[in-house]
Structures are given as C-alpha cells and as structure tokens.
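The values are calculated or read from the model by the stated rules, or taken from the named source; none is laboratory data. A quick note: this is a predicted structure, and the numbers were derived from the prediction, not measured. All Cβ positions, glycine included, derive from the backbone under ideal geometry; neighbour counts span all protein chains shown. When the accessible area is computed, the model is the full protein with side chains, heavy atoms only, and any ligands, DNA or RNA have been set aside. Shrake-Rupley method; radii C 1.70, N 1.55, O 1.52, S 1.80 Å.
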Number of protein chains: 2
Amino acid sequence: MRASRTSWAWALALALALLAQAPGPAGAQAPPPSSLDAILKASPAADWRTVDPENTLYLTIPQGRIVIELAPEFAPNHVANIKRLVRAGFFDGLFVVRAQDNYVVQWGDADSKHPTGGGQLRLKAEFDHPYAAGEPFVPLPDPDTYAPQTGFAGGFPAARDPSTGLTWLTHCYGMVGAGRDVDPDSGGGPELYAVIGHAPRQLDRNVTLVGRVIQGMDIVSALPRGHGDLGFYQTPAERIPIQSVKVAADLPPAERTPFQALRADSETFAHVIQNRRFRRDPWFKVAAGHIDVCNVPLPVRVSLPK
Amino acid sequence: MRASRTSWAWALALALALLAQAPGPAGAQAPPPSSLDAILKASPAADWRTVDPENTLYLTIPQGRIVIELAPEFAPNHVANIKRLVRAGFFDGLFVVRAQDNYVVQWGDADSKHPTGGGQLRLKAEFDHPYAAGEPFVPLPDPDTYAPQTGFAGGFPAARDPSTGLTWLTHCYGMVGAGRDVDPDSGGGPELYAVIGHAPRQLDRNVTLVGRVIQGMDIVSALPRGHGDLGFYQTPAERIPIQSVKVAADLPPAERTPFQALRADSETFAHVIQNRRFRRDPWFKVAAGHIDVCNVPLPVRVSLPK
C-alpha cells in the first residue's frame, strides 16, 4: 500500500517541517492584530476573486438553494461532464437519496434514464495528479494526520506528497464528490455527495472530489437523516426532490448571486490562518497554536453593488 | 502562550513517536482480518462494559431522545453539578436555543430561575488535569495537529501532553461541553452544547467537556440552524422545547435502554482502530494508514435480553 511504503519518508519530511516551523520563544510567528471580521473588513479588493459563474452550480431543493464552486483544476473531466449533465437537465426531477449522519448527503442517480446531453455516467477517476512546479498551493505549517503536507489550492483545501509529487483535494466539511461503486472508474458525476460531518479523510484519493459548497451548507447538513443502510432514505416519501440544477452562467445576471472568494495566496488569507491558529479573542484561554486544514475558514462574500 | 513554549518539545516528541511507529516495508502492523461489523460480532462479552445509568442522561425533545454518557473522570465537579440540576428539574421546560452550522447545538439557560437542587450556575473550570501513572489511556500511533498525543480514556477521545503531564478530552463530533462566558470559571452546566460538525479542536482546554452523545446525534445534528449571531435562534418560536432531562438511574429499569460500550482497552477495540487505519473493504483503493482521534468509531450497543 502506498501509505506504508512512504511512511519513513513521510515521518522524516514531517519532522523536518516541524523543526523548520517551530516558533522560537520570542514569538517569531506573531499573532495577527485583530479579529477575523476585522481582518476581512480591512482586506483590499485585490485579495478577492470573482467566483466564476461558469464553474458554479445552483442546486435547488424545497429547503432552498445550495451553491457549489467546481474545481476544474483537480477534476477537469468530471467538471466538464457534470456541466454537460446539468445543462441537459439530467438532475432535474431526481432526488436527494441519502443523508448519513456525520458523513455525507448524496443526490442524483447513476441509473437514471434522464437525458445526459452527451455527458457520461462513468468516467476515469481523477483522484490525484502530479503537481507542476508553478501550480498554486499555499501550505499550512502544521502537521496533518493523513498527508505529508496540507494547504490550499484555489478555493479548495488540498494535500501534497513531495515523495510522490502528487496533489489531491481533501474531504473537508462541505466538499463535494462524485459517488462511485467498487470500480474506481465507476463515478463521473450522476451521483454527487457533500460532506456533512467530521472530515472523512480516509476517502481522500479514493473518490474524485469535484468542488465545494460555498453557500447552503446550513441546509444540506440539517436534512433529516436516512435510516436505511448507509443512511439511504427507506421510502420514496422521504426523498427530497431536486427542483433544478443550473450552471450559474446560464442564468440571467439578475438571477445570479455575485460571489467573491478570498484568494488563498493573499496576505489577508495568511492573516486569517494566523488568526485561527492563535486565537486572541478574550474568550480563549489557551491558543491552539496549530490548525487542521479542515478548520481553516475559506471566506466567501457577495460582492456589493457599485 | 503554552502552545508556543512547548513547541520544540512537542515537535521532538512527535518526531520520535513517528519514527518509533513507522511500519517497516514487511508490514509490521498487519491489517486486521475482517470488516468492522465482523470484528464487533466476534467480540467477547468481556470486551464490553455496561454504561453506568448513574452517569447517563436522557434529554428528551419533540424530535426524540438523546442519550449522553457523562465523564466524571475528567469533569467530576461538573458532572456532579449537572446531575444535581437535572434531578431538580432545572432543564425541564427550558429550550435548545442555538444551532450553529458546522459547530454546536446548545441548550439550557444560565440565567434561568428554575430550581437548582443545590447545584451551582457557575463552577471552577475543569479543562484538564495531571494524569496519574495508572490512569487509563489507549494511545493512537498517529500524529495529531493539535496535541502531542491522542487516544482514548474510558469511553472518550482524549489527549495528553507528556511535557506538562496534563490530559484533557478532545472536541470530537458528539462531545458535550459546558458553555461559559469570558470568565473561564463561568460555566458549570446550566448551558450545555454538543459538537455537530468538524471537530473544533481549538476549543480543547478552553471549555469543560462533560460527556458524549451515545445515541441521538442524528437528531441533534439535523436540527434547523439558527440564523442569529453564533447560530442562536432569532425568535422564541424557533426554539426547541426540552420536555425533560433525566438521569437514567432515576427511571424504572423498564424505561431505561441498557447500553454497552466497547472497552477502549480491549483487543477488539485495537482491531477496530487498525481496521479503520487500514481499510481493506474492496471499495477502498488507497488505505490511509493513519487515523484522526475524531474519526475512530466508539462502538455502543444495546445489550440483548437474556
């Protein structure tokens, strides 16, 4: 197994990383001066990027609208395929079929005969890829239980293994993936899930992650749990109908929400990370001094009209 | 800050722990032979303990009954105090007042004038304690982002810092804590919360954890989210009434559920941990080879009638 073969290299890399980053007693890594809200309010406009409507999905269910940013840098074929399915109306009239507590909510149907618009029901897996020299990645300084290195790529939490040169997205709360059967190439997009509990990081590199919910997790994660095996709803009446899934770019601008996301490579985001590693709110008595990749907030806001 | 002062010792301890546990290429840490279900089914009766009804709470809301195992080994004063409040009927007729997505659900009211039965509304914090030589603790071999060592103490996820000799419970999914104000000694039990999202480990050693939900997390975590500051419900109508909180021991045996929990120091639990670190289900293509303290299942079952 890959994990076993690389354990020594992994342990050494982690030990070196720790020694390199351990702050001295003089406080080389000074805490940021202010609260998270204040950091964001003080951020320059250039530290924000427009979330691309062409890579944004609106999933509408009776409980409300859920907005997903897609990750073509990590799953180009899956993202293109999912957009084909969406534009053919494949998901419209299908259902949320599963809500397994502390795990995932799942929707869609790989066996559906709905139109696919040339999209596929099965695709070759996109679990990880070799990272290029200049590929964006903002590393976290803290050790991670599961990966040699974690950080942020574009709008997404991610990991890297320098010993293999591979990178992959991590299964944090709100991440969206393409469900599959035992065959690794049996996913593709007709069944999607969102993580609603503690990060199931054992799924990393085992499922193709395709994006992240940037609005509406409060809806997704409060859906009633299913009580069949794996949290599937046991009766048709429990299933939650999908009214529509749309690519944001296909809607008139007046019907879109203009999201902006904080750039991972911005100074503001560096301050956010430090603020969360060293909490200075008067409420905190002990600052953790560390942070898990899945505990770092990835700020998103709606851009104000001019 | 404590985290900064101990960082070097922490890095060295972790590096040594990693080198000591890194499996050799021959697979010194062989995966367990079977599935989680099979491991539990094959477990001897002696590997299970009866969950003490004297340290079990039943929290009843319209959505159902939530069962909490209390942790007197870590928070003796809080547990005794909460039981006094419960037995005085302090919580009955109060409300679930807060549901903050990916964070906590909170209930009770520190300002209530309900009878306290001699219980206190504020207590000295029990964030951590020096561990004794023989104090039960089953360590995990994997590194943790937040603590020098993690593992299990009784029925609870916990951490230790050998450099300070302190131990504390960790904020995993389903853990229950005593809300407080800025003063660390302003908690005590009249306001309690349960973790419903990714483990907010920055809260470790900042709040007194008092137990864990062993049944009913599917109810707690699916409660509608509040949309006021910090996820508080904004209107009285949104609040969820607490019908009653009872100590299980105070109910007639016929009205209790006889829970058993897998002993953390059992061989069966060691197999559970290995099974989750090295997933062998045919579905998995890459075994993580590691596990986060908050991803280890803590099996609980209802004992069968003789």
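In table form, for the structure just shown:
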| quantity | calculated |
| --- | --- |
| Test: B:Gln215 is of a type in the set (S, T, N, Q), under 27 Å from A:Arg277 (Cβ atoms) and open to solvent by 10 Å² or more (accessible area, probe 1.4 Å) | no |
| Residue satisfying condition, being open to solvent by 10 Å² or more (accessible area, probe 1.4 Å), within 13 Å of chain A (Cβ to nearest Cβ) and of a type in the set (A, V, I, L, M, F, W, C), within set B:Ala270, B:Ala237, B:Ala264, B:Ala288 | B:Ala288 |
| Residue, least open to solvent (accessible area, probe 1.4 Å), within the range A:171-182, restricted to residues that are facing another protein chain (nearest Cβ under 10 Å) and more than 8 Å from the chain's Cα centre (by Cα) | A:Arg180 |
| Top-ranked residue in the range B:291-306 [being surrounded by fewer than 16 Cβ atoms within 10 Å (Cβ to Cβ) and in a loop (DSSP other than H, G, I, E, B); ranked as nearest to the other protein chains (Cβ to nearest Cβ)] | B:Pro297 |
| Single residue of A:Ser266, A:Ser221, A:Ser244 found to be of a type in the set (Ser, Thr, Tyr), closer than 30 Å to B:Ala159 by Cβ and under 22 Å from the mean Cα position of the chain (by Cα) | A:Ser221 |
| Residue satisfying condition, being modelled with pLDDT of 50 or more, of a type in the set (Gly, Ala, Ser) and within 24 Å of A:Phe152 (Cβ to Cβ), within set A:Ala3, A:Ala71, A:Ala22, A:Ala17 | A:Ala71 |
| Looking only at the range B:152-170, and only at residues there that are crowded, with 23+ Cβ neighbours inside 10 Å and within 13 Å of chain A (Cβ to nearest Cβ), the one that is nearest to B:Arg205 (Cα to Cα) | B:Trp168 |
| For A:Ala9: the one exception among (1) at the interface with chain B (Cβ under 10 Å from one of its Cβ atoms); (2) at pLDDT 95 or above | (2) |
| Test: A:Pro282 is within 14 Å of chain B (Cβ to nearest Cβ) and either over 28 Å from A:Pro62 (Cβ atoms) or out of contact with any Asp or Glu (no Cβ under 6 Å at 6 or more places or on another chain) (or both) | yes |
| Per-region count, the range A:68-94, residues open to solvent by 60 Å² or more (accessible area, probe 1.4 Å) and out of contact with any Pro (no Cβ under 9 Å at 6 or more places or on another chain) | 4 |
| Residue check for B:Arg225: open to solvent by 10 Å² or more (accessible area, probe 1.4 Å), at the interface with another protein chain (Cβ under 9 Å from one of its Cβ atoms) and of a type in the set (D, E, K, R) | yes |
| Filter result (assigned to a loop (DSSP other than H, G, I, E, B) and crowded, with 17+ Cβ neighbours inside 10 Å) within the range B:30-67 | B:Pro31, B:Pro32, B:Ser43, B:Val51 |
| Any hit, the range B:183-191, residues being within 10 Å of chain A (Cβ to nearest Cβ) and either at pLDDT below 95 or open to solvent by 10 Å² or more (accessible area, probe 1.4 Å) (or both) | yes |
| Residue that is farthest from the other protein chains (Cβ to nearest Cβ), among those in the range A:95-148 that are surrounded by fewer than 18 Cβ atoms within 10 Å (Cβ to Cβ), of a type in the set (Gly, Ala, Ser) and under 19 Å from A:Ser163 (Cβ atoms) | A:Ala133 |
| One residue from B:Val220, B:Val210, B:Val245 being farther than 22 Å from B:Ala75 by Cα and crowded, with 23+ Cβ neighbours inside 10 Å | B:Val220 |
